[in-house]
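The structure appears below as structure tokens.
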Amino acid sequence: MHVDNGVVALVLLLVGLAGYVWREDILRTALDPKQPFQTYRPPPAPDYGRASAWALLPAHPERAAATDPPADVFFVHPTTYDGGRDWNAPIDEPNARRLLERVMLPNYAGPFQTVGRVFAPRYRSASLYTFLTHRDDAREARAFAYGDVRHAFDVYLARYNTGRPLLLVGVEQGGGELAARLLDEVVARDPKLVKRLAGAYLIEALVPAERYGPTTPVPACARRDQARCVVAYSSVRAGDSSAARNRLDSALVWGPGGRLVDLDGREALCVNPLTGATSAGIAPAKLNLGAANASDLEWGARPAFLPREVSAECRGGVLWVSRPSSPSLRPSGSWADRHKAAAFNLFYADLEADAKARVSALTGGPLAPPLEGPVAVKPAPIHAVR
């Protein structure tokens, strides 16, 4: 039987083209656990009485040393688990754990290590798949993850918090969302803790601006020398209006009863990390104290800062960020990697200086001067628990 080579080539071309066009649908389907969340058996719960349930924990968590930084930092990491079998990740899933320790902690918890003792719980985070669909199963898996974070925070308060200033930090997929809910509960139930809150950072997270109005107990940050306020932003590349629309249209936020609901056209909060304020207008790149790619650095190591890399503007509820010039500050990796928090932090030094200023504002100490570049520091005695 004779086979026309031209026909074969055309068929292969069409198959390849179809695979490219529908690649996201194909990959999304591969990550679907393919069972209802209601019948799903989650991985075993973490025991936060054990050091192994914490990704970062001070060497002596029960008592702060005189040489420790002045605050505590409760850090909620972003999702690092793709999915495929579980709706929620086991805390010891090897690939997710490796990504957490090599990429997420150095880049996103790192800016706060000179400001406070960092407490970062491992938790059964919702899989990446749950952020790619609005199915009820996915919403339930994301809400389920909050139970672990709330439990870890309760253990932190009961065992390790000794009245020190607190910074609450959550990052992007999962982490920022869960930290936002935790902040809501603190505001509603613990006014004494609110008084010790130096600031809350919802990094790369969309939250309703109305929830953090100027008369609320913890408003949006209006200036950098302000404590008890919220820094929140979700960034897109300047000029990419399609990405901004998709980000806002697909955003889920906490509604009544601890359910995730659509943002539904409400204005999202944007605090510019270059200025520490909600002010409009473009913050020029000269204000960018230092971007960093801290991936693969040991905990406590200081990354090399790349100052003046990006400008940023809050507009329409998102943060529009210019393209960085350094190749180390551009997205890379697989399709799944590009849907997680980036393997670098464009605002590393800016967040560090911001957190120092807010702790100083709360405690009445002098404001920390902006960092002009890498400096020698003595990090808090914190270790990654393996």
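No lab work stands behind these numbers, since they all come straight from the coordinates. Predicted, not measured: the structure shown is a model, and the values here were computed from it. Backbone-built Cβ (ideal geometry, glycine too); neighbour counts: all protein chains shown.
Sorting the segments 354-364, 235-245, 37-47, 198-208 by their mean number of nearby beta carbons within 10 angstrom, highest to lowest, gives 198-208, 354-364, 235-245, 37-47. Relative contact order, whole percent, for the chain stands at 19, derived from Cα pairs under 8 Å and 6 or more residues apart. Taking the chain as a Gaussian network, Cα atoms linked when under 10 Å apart, which of 226, 35, 173 shows the biggest mean-square fluctuation? Evaluated over the chain, the most mobile residue of the options is 35. For residue 226, no residue whose modelled amide H falls within less than 5 Å of its own remains once neighbours fewer than 5 places apart on the same chain are excluded. Given their separation in residues at 0.36 nm each and the Cα-Cα distance between them, residue 245 and residue 279 gain 10.1 nm when the chain is fully extended.
What whole number of Å gives the distance from the Cα centroid of the range 241-292 to the Cα centroid of the range 82-107? Cα centres, the range 82-107 to the range 241-292: 25 Å. Farthest toward the positive end of the dipole of the chain, out of 322, 276, 80, is the Cα of 276, where the dipole comes from beta carbon charges about the Cα centre.
Calculate how many DSSP beta bridges within the chain are antiparallel, expressed in % of all such bridges and rounded to the nearest 5.
Working: 19 of 42 bridges.
Around 45 percent of the beta bridges assigned by DSSP in the chain are antiparallel ones.
The gain in end-to-end length when the residue 215 to residue 40 segment is fully stretched comes to 58.8 nm, 0.36 nm per residue minus the alpha carbon separation.
Here volume of the Cα convex hull per residue in Å³ was computed from the coordinates, and among (1) 160; (2) 174; (3) 129 the match is (1). Approximating the spin labels as points 7 Å out from Cα along Cα→Cβ, the residue 326-to-residue 192 distance works out to 4.4 nm. Between residue 319 and 234, 235, 236, the built amide H atoms are under 5 Å apart, and every one of these is 5 or more places off in sequence or on another chain. Taking 333, 147, 176 as the candidate residues, the one with maximal mean-square fluctuation in a Gaussian network model of the chain, Cα springs under 10 Å, is 333. Annotation: for a label point projected 7 angstrom from Cα along Cα→Cβ of residue 301, residues of the range 318-355 with backbone N closer than 17 Å are 328-329, 343-345. Only helices reaching 30 angstrom along their own axis (Cα) with mean Kyte-Doolittle hydropathy no lower than 1.6 count here, and not one DSSP H run of the chain does.
Computed FRET efficiency, Cβ-Cβ of residue 335 and residue 286, R0 45 Å: what is it to the nearest 0.05? Step by step, r from the Cβ atoms, then E = 0.80.
Between residue 134 and residue 237, the simple spin-label model (points 7 angstrom out along Cα→Cβ) gives 2.6 nm. Charges were assigned to the Cβ only: +1 to each Lys and Arg, -1 to each Asp and Glu. The resulting dipole of the chain about its Cα centre is roughly 760 debye.
Structure remark: mean-square fluctuation, Gaussian network model of the chain, C-alpha springs under 10 Å; the largest value among 262, 190, 32 belongs to 190.
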